[in-house]
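Data first, discussion second: the structure below is written as structure tokens.
The values are calculated or read from the model by the stated rules, or taken from the named source; none is laboratory data. Please read these numbers as outputs of a predicted model, since none were measured by experiment. Here the Cβ is made from the backbone with ideal geometry for all residues, glycine too, and neighbour counts use every protein chain on show. Side chains are part of the model used for accessible areas, which takes the heavy atoms of the whole protein and leaves out ligands, DNA and RNA. Shrake-Rupley method; radii C 1.70, N 1.55, O 1.52, S 1.80 Å.
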Amino acid sequence: MKKLFDMNNKYVGWGITAFVVIACAIVFYMLLHYVGSVMSFIRGIIRILSPFIWGAIIAYILAPSIDRNEKKIFKPLLARLDAKKHPMLLRMLKPRGLSIAMAEIILIAIVGTLIALVLPQVYTSIQMIIFNSPTYLNKILKWIEGLLKNWPEAEVFVSSTLGNIGDAAMSWVSDQLLPRMDYIISNVTSSVMYVLRGLYNVIIGIVVSVYLLNKKEIVAASCKKIIYSLFPLPTARRIKNGFSFTDTIFRGFISGKIVDSAIIGVICYIFCVIARIPYALLVSVIVGCTNVIPFFGPFIGAIPSILLILMISPSKALIFAIGILVIQQFDGNILGPKILGSTTGVGGFWVLFSIILGAGLFGFWGMLLGVPVWVIIYTIAQKGMNKQLESKGLPTDTREYIDLDYIDEETRKVVRHSVTDSNKEE
């Protein structure tokens with residue numbers, strides 16, 4: 001009986017290929033057409049799993065301190081207890097459990113202390129700005145008048161401009177703000193619910209982190225088991241090494257940035273106290289927290305702080321701006337490289353590129369983690385490129401390609417412009 005479809009027939013092969021291409025095109029079109037629904041579904045899944053994501057983040061940050069405290073503090077401490085005198089105590093107390101409890105308590109204490117210190121400052125600052133806003137406005141107007149008293153025409157122009165701005169503001173309040181109060185109140189309510197949901201995610205995340213830290217060897221072993229079950233042994237080994245490299249980069253970058261930002265926050269607070277800068281604690285916390293963002297962090301923290309101090313004293317705002325500039329130069333050139341070491345290993349251009357790209361794609365988290373992610377991508381691409389060059393017998397050092405004219409196909413040697421130019425002169 002003759003086969004209906006002969007797979008060796010070239011026309012049947014062409015037909016199957018055409019069918020697969022058309023099917024893939026249709027699937028691709030459907031993905032593009034429903035990309036909004038797909039992204040909405042993904043965001044919904046992420047929102048549901050937020051407690052577990054927070055738990056994994058907390059566990060990842062605390063894991064090094066858990067290992068260190070378990071080996072260097074609690075194991076030697078419990079080893080000194082007499083098993084015959086304290087059998088019940090030794091059964092109840094475990095080095096791992098004590099290490100987890102200590103790390104979680106310290107984390108909660110630090111975050112709680114920062115919130116307890118900053119929130120009253122924020123409330124007081126907002127209250128002072130609202131109550132003293134007429135005074136601040138008069139100070140600014142007098143400062144502008146004193147600055148422009150020698151230029152009457154400019155003073156008239158500025159006064160008329162400020163008057164027009166005031167009229168526009170009053171018109172905006174009466175025409176736009178007041179009719180939309182219901183919408184604003186609903187947004188405030190949504191913001192409160194968002195904060196409460198975030199607090200719930202963090203609390204559940206702490207519980208999840210305790211479980212992950214307690215079973216971290218089992219979790220790591222399960223991940224390795226999955227990798228070795230899905231891939232051939234050489235591929236699985238490369239994937240495992242890739243995860244180890246990623247862990248080293250992320251852990252070094254995050255821990256180094258946290259320590260660096262904490263030191264910068266303390267230095268900023270000491271400077272503000274010595275210079276008698278208003279809102280010293282509040283602006284120091286803002287500067288320290290935003291400093292975790294590479295490159296743009298100092299500017300993000302300094303600008304609102306300067307505006308806040310400007311309401312009280314323009315001269316103090318200028319002193320603060322100069323002090324922050326000096327502190328950030330110290331951080332960028334001395335403290336940061338000393339703490340982070342060679343964690344990044346990429347040039348300043350690529351650091352800036354990774355921050356801008358990460359911020360554009362993923363917002364705050366992309367700006368924060370763009371550098372270590374780009375370091376990983378850059379390293380993988382560089383290793384792949386070097387491997388290809390080595391297979392062709394070509395040099396891998398970038399300096400070998402400076403002033404390169406061409407590479408001789410037979411000798412595989414680099415021929416530079418200076419060599420060819422000298423040959424032409426002869």
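Okay, here's what the table says:
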item	result
Among the candidates ILE226, ILE218, ILE165, residue that is open to solvent by 90 Å² or more (accessible area, probe 1.4 Å), part of a helix (DSSP H, G or I), over 26 Å from LYS94 (Cβ atoms) and modelled with pLDDT of 85 or more	ILE226
Of the criteria (1) at pLDDT 80 or above; (2) of a type in the set (Phe, Trp, Tyr); (3) closer than 17 Å to SER261 by Cα, which one TRP374 fails	(3)
Number of the exception - LYS316 against (1) of a type in the set (D, E, K, R); (2) farther than 30 Å from VAL373 by Cβ; (3) loosely packed, with under 14 Cβ neighbours inside 10 Å	(3)
In the range 256-267, residue nearest to the chain's Cα centre (by Cα) [restricted to those that are farther than 8 Å from GLY288 by Cα and open to solvent by less than 60 Å² (accessible area, probe 1.4 Å)]	LYS257
ILE100, sole failed condition from (1) farther than 30 Å from VAL287 by Cβ; (2) modelled with pLDDT of 85 or more; (3) open to solvent by 50 Å² or more (accessible area, probe 1.4 Å)	(3)
Residue check for MET128: modelled with pLDDT of 80 or more and either hydrophobic (A, V, I, L, M, F, W, C) or in contact with a Leu (Cβ under 6 Å, 6 or more places away or on another chain) (or both)	no
Test: residue in the range 330-341 that is polar (S, T, N, Q) and touching a residue at least 12 places away in the same chain (Cβ under 8 Å)	no
Residues (open to solvent by 30 Å² or more (accessible area, probe 1.4 Å) and in a helix (DSSP H, G or I)) located in the range 286-307	ILE286, CYS289, PHE299, ILE300, ILE303, PRO304, ILE306, LEU307
Any chance GLU390 is modelled with pLDDT under 80 and open to solvent by 30 Å² or more (accessible area, probe 1.4 Å)	no
